[in-house]
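Novice: Quick one: structure below, then a few questions.
The values are calculated or read from the model by the stated rules, or taken from the named source; none is laboratory data. Note that the coordinates shown come from a computational prediction; the quantities given were computed from them, not determined experimentally. Glycine gets a Cβ as well: all are built from the backbone with ideal geometry, and neighbour counts include every protein chain shown. SASA here: full protein model, heavy atoms, side chains in, ligands and nucleic acids out. Shrake-Rupley method; radii C 1.70, N 1.55, O 1.52, S 1.80 Å.
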Amino acid sequence: MENHLSLAESSEDSLLTPLAGAPEESLDPADWTAFSAFAHAALDDALDFMRTQRERPVWRPVPAAVKAELRAPVPRSAQPAAAMYDEFKRCVLPYPTGNGHPRFWGWVMGNGTPDAVVAELLAAAMNPHVAGYDQSAALVEQQVLGWLAELLGFPAGSSGVLVGGGTEANLLGLCVARNTRAGFDVRSAGLQGGDQPELVVYASTETHYWVEKSCEVLGLGRRALRRLPCDAAFRIEVSALRAAIQADRQRGARPLCVVGTAGTVNTGATDSLEALAALCREEGIWFHIDGAFGALAALSPALRPSVRGLELADSLAFDLHKWGYLPYGVGCTLIRDAATHRQAFAGGASYIKPLARGIMPEPFVFADRGIELSRSFRALKIWMALKLHGAAKWGRLIEQNVRQARYLAARIERERELELVAPVPLNIVCFRVRSQGGDDRQRDALNEEVLLQIQESGVAVASSTRLGSGFALRVAITNHRSRRADFDLFVDTVLEIAARVRRENAGP
Ligand SMILES: *Cc1c(COP(=O)(O)O)cnc(C)c1O
């Protein structure tokens, strides 16, 4: 019989030539004892780095020489470990974003924790493939998802999945919404049929820009997105939403999903989630909540009322790497109706068919709940953190951050040179240096210069946004290391820089 399975086209294939006596290799160390000494030293350096963050500038620019060194060509053969590690300590370790520092309050970033360093180390050592399988990592993820659902008021039996971050978590929620409420089989038909109804997603002008990205990625296009106006407290206007839904229905479009936000990125506002949930129920529209950081306010009994209605969502997305203080990247999607979640993503192929026994007795639980097939052990750092600290500690730290935001806001209100430019319902403070006679453009330029000098000073990192009234400095506190005195130092430095910039602008 002719052999169709012959491995090589030609007997000269070098891969088949036996290398008599050649050693076989692996990536494990030749000397585990020496490697262990290196690894322990690296762990000590990692912990020292975390312990001493307060002593360093919050941020510093990467010097040109370091940038050049980091453009060196690919190492084709081994370099000595000592040289590699020396380069890491010179070029990499000293130039982080700075978000571990007690005075980093730009955008919305978490700090990371020492215990999560240990969790990441152990997760990397185990390196499980968490698509599913009969293994501990899948059970840990299942347990963590159950804990998170319970803490946020989602019913037992709801579904969920850990993902890389809030953008992906929100995308998955919107994808389940699309597949569940489109009214036709989106998974097989796609969105290219000419006779399909136009699908509409409703959000507010304050909804984070993940919503545009997701509408694009999901093939809905940005034209599917209605951004509705907000009230003075930056919450979606429910009456405008109701009117938009009616208008879309009248012209034959199909309202798909309303996106509410618990904790907007600009100001920390929370939409009237109960009103949105009621409207969605009446209208048969999917209700998705982006609670990227705000959802975790529910862990504080005192703050829970400010995000009430969270538990009414069909899908809820949030991050653990912001107000859960864990290192990147871990976010979570919870889906109330587990069947809709599975129906949105479940798939199969001959090579992933479950067998009667063994390591894969059932379909991939987690690969069937999202986009990733090969998945890392994100759950371990949440599992360890909750066991080591308890959920109540997260709640207390979140409350501490909200108290710090109010402390900062009160200090700003006392300073004649400064003004708040938005309410402070949660942990975000938007403010600016007041103008002294100049026009809006000069005021914005002054504030931008003050912000840049603050960042460059290494004293603190805040970021910026534009609210209706112009350029604002923005402080978002999701930082378990900040202390009240840090905010006083920040305000003192802002005032000092503002005075100096004004003097310089006034000329000699
Ligand atoms: C940060 C944020 C997101 C995006 O989350 P990533 O984890 O950065 O992808 C979405 N919505 C809000 C309100 C956010 O603050």
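Novice: Got at least one residue in the stretch 207-222 being more than 13 Å from the ligand (Cβ to nearest atom), open to solvent by less than 50 Å² (accessible area, probe 1.4 Å), in contact with a Gly (Cβ under 9 Å, 6 or more places away or on another chain) and closer than 30 Å to ALA472 by Cβ?
Specialist: yes
Novice: Under 7 Å between Cβ atoms, which residue pairs at least 6 apart in sequence (or on different chains) link something in the stretch 433-455 that is in contact (Cβ under 8 Å) with a residue 40 or more places away in the chain with a partner that is open to solvent by 80 Å² or more (accessible area, probe 1.4 Å)?
Specialist: If the second residue must be open to solvent by 80 Å² or more (accessible area, probe 1.4 Å), the pairs left are GLN455/TRP59.
Novice: Then there is this: Do you know which residues across the stretch 148-185 are among the acidic types (Asp, Glu) and either away from the ligand (no atom under 12 Å from the Cβ) or open to solvent by less than 10 Å² (accessible area, probe 1.4 Å) (or both)?
Specialist: GLU150, ASP185 - these are the residues of the stretch 148-185 that are among the acidic types (Asp, Glu) and either away from the ligand (no atom under 12 Å from the Cβ) or open to solvent by less than 10 Å² (accessible area, probe 1.4 Å) (or both).
Novice: Cβ-Cβ distance below 9 Å, separation of 6 or more or different chains: which pairs start in the stretch 29-55 with a residue that is of a type in the set (Ser, Thr, Tyr) and end on one that is surrounded by 13 or more Cβ atoms within 10 Å (Cβ to Cβ)?
Specialist: Here the result reads SER36/PRO29, each pair linking the stretch 29-55 to a residue that is surrounded by 13 or more Cβ atoms within 10 Å (Cβ to Cβ).
Novice: In addition: Give the stretch 204-240 a look and list any residue that's more than 20 Å from ALA182 (Cα to Cα), not small (Gly, Ala, Ser) and not in a loop (DSSP other than H, G, I, E, B), or say none.
Specialist: Hits for the stretch 204-240 are TRP210, LEU228, CYS230, ILE236, VAL238.
Novice: Right, another one. Only one of these is in contact (Cβ under 8 Å) with a residue 24 or more places away in the chain, more than 14 Å from the ligand (Cβ to nearest atom) and open to solvent by less than 10 Å² (accessible area, probe 1.4 Å): ILE245, ILE236. Name it.
Specialist: None of the other options fit; the residue is ILE245.
Novice: Counting residues that are of a type outside the set (Lys, Arg) and open to solvent by less than 20 Å² (accessible area, probe 1.4 Å), which strands (runs of 3 or more DSSP E) fully inside the stretch 398-507 reach at least 2?
Specialist: Counting at least 2 such residues, we get 428-433, 463-467, 470-476.
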